[in-house]
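Taken together, the values in this text are just the output of simple stated rules run on the coordinates, not laboratory data. Since the structure is predicted, the reported quantities are computational estimates derived from the model, not experimental observations. Positions of Cβ are generated from backbone atoms using ideal geometry, with glycine treated the same way; all protein chains shown enter the neighbour counts.
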Amino acid sequence: MAQRKIYLDNSASTRVDNEVVNAMLPFFTEEFGNASSTHQFGQQAKQAIETARGQVAALLNASPTEITFLSGGTESDNLAIKGIAEAHGEKALGKSHIITSQIEHPAVLASCAHLEQQGFKVTYLPVYREGFVRIEDVRAALTDETILITVMHANNELGTIQPLSEIGALVKERREAGQRHLHFHTDAVQSVAKIPVDVKELGVDLLTLTAHKFHGPKGIGALFVRKGVRLTSQMHGGHHERDRRAGTESVPLIVGIGKACELARIHLAERMQHAAELRDYLEAELFKRITDISRNGDPARRIPNVANLNFEFVEGEGLQISLDLKGVAVSTGSACSSGSHEPSHVLMAIGLPRDNGYGSLRFSFGKDNTREDVNYVLETLPAVVEKLRKLSPRLKQKSASG
Ligand SMILES: Cc1ncc(COP(=O)(O)O)c(C=O)c1O
């Protein structure tokens with residue numbers, strides 16, 4: 001019998017929806033025009049891009065003119081952060097200040113580190129044990145020189161949802177008091193299409209999203225830029241995307257992100273419920289069947305499709321590989337950098353002891369997962385954990401001392 005293949009790594013990427021593929025296909029073949037061309041081929045392509053812009057805007061409660069297409073989440077974060085810094089900062093004087101959090105995606109952290117090298121000051125806010133930025137810390141970090149606050153909406157490892165509306169209200173207050181150069185960006189890569197995301201309710205000026213996290217294609221994302229916000233383009237060339245992002249538009253990918261947004265908007269409530277049911281079922285059953293496990297992050301304020309669990313006395317990587325051999329794809333919280341295995345910066349930021357940082361797994365659900373998928377994990381995982389624990393030097397130490 002062929003091995004089952006169960007994909008529980010939807011926070012890393014998702015299967016492209018058939019409807020999305022079908023919407024994209026004609027734009028590779030019959031409707032292949034360049035959207036900048038004035039003939040009919042070009043105008044058809046332009047029309048398709050504008051339809052997609054409307055679909056993305058509708059999901060975010062934004063206006064179509066506030067949406068810029070680019071290559072994905074990484075580029076969108078880079079454009080938002082460097083674009084605001086260049087347009088509003090006073091680098092030469094080393095006077096400009098940026099606030100972010102310790103648990104951002106590398107696209108944000110590396111963009112901030114790059115600006116630090118150029119003379120910007122950056123505050124990295126702590127997130128405490130539950131994984132949240134605290135509004136009093138944002139308030140305390142703000143100075144007259146702050147030009148940008150960039151705090152992610154949902155964390156990619158823990159799923160915790162940050163208090164963006166509160167930060168948005170604070171930004172509004174400071175702006176009304178005269179700090180006109182203060183801007184608010186969020187990386188919403190993990191929250192868009194997972195929970196309602198309304199740019200007006202959140203009070204953000206800039207928001208990043210990418211299609212491949214919600215059944216759209218890879219290599220296409222968008223940046224919401226509130227009307228009236230000035231930012232400097234990071235790509236020099238033609239006058240595409242209202243001078244924000246030069247380069248011939250990838251019409252098929254843009255059509256794909258548009259369709260994925262439309263489907264997400266229509267099906268959001270049912271997708272949220274489906275993911276939460278599977279996630280809660282998995283967690284509840286694992287807690288019954290395996291000892292010495294705990295949750296990372298906060299169970300109440302998180303996106304519905306992510307569970308990050310810590311398994312004492314085992315290495316997450318060993319668990320992940322063993323599960324992979326049984327056909328189950330999940331991810332560890334740890335990233336391997338240059339051969340040295342370091343627990344992830346997110347798990348370290350929530351103060352997880354280093355050993356526990358190694359023993360964490362992220363399960364992330366999508367619309368195509370079923371209860372049978374979870375049942376298979378429930379049949380498989382306890383035995384895998386038990387086997388690895390038998391080999392664990394830490395467990396042996398504990399039993400010897402206890
Ligand atoms: C929170 C977050 N931001 C940014 C990105 C990068 O997006 P992309 O893969 O489209 O460059 C990811 C992808 O893993 C992410 O999870």
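Worth pointing out:
- Spatially, region 132-182 and region 37-115 are offset by 18 Å when compared through their Cα centroids.
- Straightening the chain between E386 and Q117 buys 92.1 nm, computed as 0.36 nm per residue apart minus the Cα-Cα spacing.
- Applying both filters, DSSP loop and at most 13 other Cβ atoms within 10 Å, to the GluC sites (Glu not before Pro) of region 1-79 gives E30.
- Between helix 251-289 and the chain there is an angle of about 20 degrees, using the helix long axis and the longest principal axis of the Cα atoms.
- 5 angstrom amide H check on I99, placed H, neighbours 5+ away: T123, L148, I149, T150
- Its alpha carbons considered, region 28-187 gives a radius of gyration followed by a Dmax of 18.5, 58 Å.
- Nearest 10 degrees, 0 to 90: helix 371-390 Cα axis against the chain principal axis: 60 degrees
- Estimated from helical segments only, the mean residue ellipticity of the chain at 222 nm is -13000 deg cm²/dmol, where each DSSP H run of four or more residues counts as -39500 (n - 2.57).
- Beta bridges per DSSP with both ends in the chain, % antiparallel, nearest 5: 55 percent
- On Cα atoms only, tilt of 106-117 relative to the major axis of the chain in degrees: 60 degrees
- For L206, net neighbour charge (Lys/Arg +1, Asp/Glu -1) across residues whose Cβ lies under 10 Å away: -3
- Distance violations [Cα-Cα > 23 Å] among K326/K387; K5/K259; K5/K390; K5/K367: K5/K259; K5/K390
- Pairwise Cα distances in the chain exceed 35 Å for 31 percent of all pairs.
- Dipole magnitude (debye, nearest 20) for the chain, charges at Cβ of Lys, Arg, Asp, Glu: 360 debye
- Residue among N18, I67, L202 farthest towards the positive dipole end of the chain, charges placed on Cβ: L202
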